[in-house]
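Quick notes on the structure that follows.
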Amino acid sequence: MENNNNKELWINEVLGSTKGMSRPQPGTELYSSVLQKLSDNNDSIRVRIPVRQWVAAAVLLLAVNAASILYYTTRNNKPAESNYSNSIAFEIQTTPTYNY
């Protein structure tokens, strides 16, 4: 219980330490300078689009796609019959069965 009282005393002491202090005041020219900046018509604001990064990403994506197509076409370019040791098994697997 004494620990809680010490905490409350400390909190009250910290909060009471700001008594008598005056609030900070802004500079005299601050309000007029803010209004001046708001009233200026800056139509020259440009939004920068990272064109180089977009182009680099597109080129990289196209290169990866082209490389994967070349890889899979050269890898699967072998005749299908060489994958099967038995010609009957090849014929059974390549014959569509949706008519049965």
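If you check TYR84, TYR72, which single one turns out to be hydroxyl-bearing (Ser, Thr, Tyr), in contact with a helix residue (DSSP H, G or I) (Cβ under 9 Å, 6 or more places away or on another chain) and at pLDDT below 90?
Exactly one of TYR84, TYR72 is hydroxyl-bearing (Ser, Thr, Tyr), in contact with a helix residue (DSSP H, G or I) (Cβ under 9 Å, 6 or more places away or on another chain) and at pLDDT below 90, namely TYR84.
Can you find a residue in segment 58-70 that is out of contact with any Phe, Trp or Tyr (no Cβ under 9 Å at 6 or more places or on another chain), exposed (fewer than 10 other Cβ atoms within 10 Å of the Cβ) and β-branched (Val, Ile, Thr)?
Looking for residues that are out of contact with any Phe, Trp or Tyr (no Cβ under 9 Å at 6 or more places or on another chain), exposed (fewer than 10 other Cβ atoms within 10 Å of the Cβ) and β-branched (Val, Ile, Thr), one finds none in segment 58-70, hence no.
I need the full set of residues from segment 14-35 which are outside any helix (DSSP H, G or I) and of a type in the set (Val, Ile, Thr), in order please.
Those that are outside any helix (DSSP H, G or I) and of a type in the set (Val, Ile, Thr): THR18, THR28.
The values are calculated or read from the model by the stated rules, or taken from the named source; none is laboratory data. The structure presented is a predicted model; accordingly, all values stated were derived computationally and were not measured. Backbone-built Cβ (ideal geometry, glycine too); neighbour counts: all protein chains shown.
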